[in-house]
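To start, the structure under review is shown below, and the notes come after it.
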Amino acid sequence: HIINFTDIQLYIYDKCPHDELTIIMRRYMMKIAETIAKDHDDKALITGESIGQVASQTIESLLVTNEVCTLPVFRPLIGFDKQEIVEISEKIGLQLKEFLLSSDLTEDVENPDYVFAIGGDGTVLRTFNKYMDKLDTVKFLSIHTGHLGFYTDYSAEDFEKIFFDMLALEPTIEQYPLLHLKAYCKDGKLIADSYSLNEITVNSHSGFTYAAKVFINGEHFENFRGDGLCISTPTGSTAYNKSLGGAVIHPQMDLYQITEIAALNNLVYRTLGNSIILSKEDELIIKPLKLDNHRISVDFRTFNYDTVSKLYITLAKDKKISFIRYNDVSFWKRVKRSFIENE
Ligand code: NAP
């Protein structure tokens, strides 16, 4: 049986305290399951709950849920050690899928309108990579399960709130800029054409220092020598860029940032030393002095090239990523939650 829960949820949302929505919903689920069981002359209910996995599955919550039914409830997974984040993510994924399918939505893995990423920020990066060619139509929503969760508004503990938010609230769509990379080899052939959500880094995979001429808008800016360069989006500013001492940037700003990775600065080699923030019109060109042994990383993907003569990086002009937001957790609150203290 698939039960359409929409009307019940809207009613609960309207009439009940909002910090008890999930537990009240679970009581209704139990009640309905028991009604169907009794209609079929079934003698017990079986659920997939396990203790403490999410806030609605604490002992106290299970007690409150049990109160609404008289049939015995078997919970074969109750003692499962669910520390494996993957298992938790899969379970949340299944529940979310059931909810979405019962809300008149259909599943379309190839051409979706909405994509749900369940995991950490790394999962968001991988999901973005999968749907990079469909950013015009796809909107992302993510739930974090035990990771940092910088891109996410929902955690494993409160993910069931999504069910209510999706029914009752009008979402806002936030769009964040991306980077566009084009890399060419000596004969002018395009060898990489990619978009990045976090950052692009360039360095040498031979272990030697990386040396390159840096041009901004066609003008020679500096000669870099060191471990490499990190070019980040505003959303990527809290990732690798932050570890390198770069500035944290509000994700809706149309700009990008270059941060040095261990630059040599002495009487012979000199770079600015600070991270540089470029506007959406600025075009960055990096021309390596040695053309071989190139490593370019785009978010979590790394590519080694025998020869690269020019990298051309700008803020993407034709693409942005869209995130669905139901609550207004401000960007700065997320920064505080992730890096300073989680109240
Ligand atoms: P990973 O080594 O498994 O994860 C790197 C960490 O970065 C994870 O804790 C991840 O959070 C976090 N993260 C990713 N994007 C973020 C963002 N926009 N803001 C704040 N934190 C973020 O690698 P991965 O999962 O494949 O992710 C690739 C990313 O790792 C790269 O894009 C780069 O930014 C980052 N990285 C950082 C360093 C460094 O800081 N020294 C070095 C190399 C790469 P979750 O735990 O929630 O997934």
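The values are calculated or read from the model by the stated rules, or taken from the named source; none is laboratory data. Just so it is clear, the structure is predicted and the values come from calculations on it, not from any experiment. Every residue, glycine among them, receives a Cβ derived from its backbone with ideal geometry; neighbour counts consider all protein chains shown. Calculation scope for accessible area: heavy atoms of the full protein, side chains included, ligands and nucleic acids excluded. Shrake-Rupley method; radii C 1.70, N 1.55, O 1.52, S 1.80 Å.
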*Using a probe of 1.4 angstrom, how much of the accessible area of the chain is carbon and sulfur, in percent?*
52
*So how much accessible area does Val73 have, in Å² to the nearest 10, using a 1.4 Å probe?*
30
*Tell me the label-point distance for the pair Lys213, Glu110, using the 7 Å Cα-to-Cβ offset, in nm and rounded to one decimal.*
4.8
*Compare Thr123, Thr35 by solvent-accessible area with a 1.4 Å probe and give them largest first, with all protein chains kept in place.*
Thr35, Thr123
*Picking from Ile162, Asn223, Leu284, whose Cα lies most toward the positive end of the charge dipole for the chain (charges on Cβ: Lys, Arg +1; Asp, Glu -1)?*
Asn223
_Students often get this wrong, so check it: of Lys139/Lys336; Lys31/Lys161; Lys182/Lys317, which have C-alpha atoms separated by over 18 Å?_
Lys139/Lys336; Lys31/Lys161
*Taking Cα pairs under 8 Å and at least six residues apart, what relative contact order does the stretch 228-343 come out at, in percent?*
18
*Run the 1.4 Å probe and let me know the accessible area of Arg337, rounded to the nearest 10 Å².*
70
*asked:* For the stretch 102-154 and the stretch 325-341, what is the centre-to-centre distance using only Cα atoms, to the nearest Å?
replied: 19
*If you line up the long axis of helix 121-130 against the longest principal axis of the chain, both from Cα atoms, how many degrees apart are they, to the nearest 10?*
80
*For the chain, give the magnitude of the charge dipole about the Cα centre (Cβ charges: +1 Lys/Arg, -1 Asp/Glu; no others), in debye to the nearest 20.*
1400
*Sort out for me the Cα centre separation of the stretch 220-279 from the stretch 4-33, rounded to whole Å.*
49
*For helix 21-39, what angle does its Cα long axis make with the longest principal axis of the chain, in degrees from 0 to 90 and rounded to 10?*
50
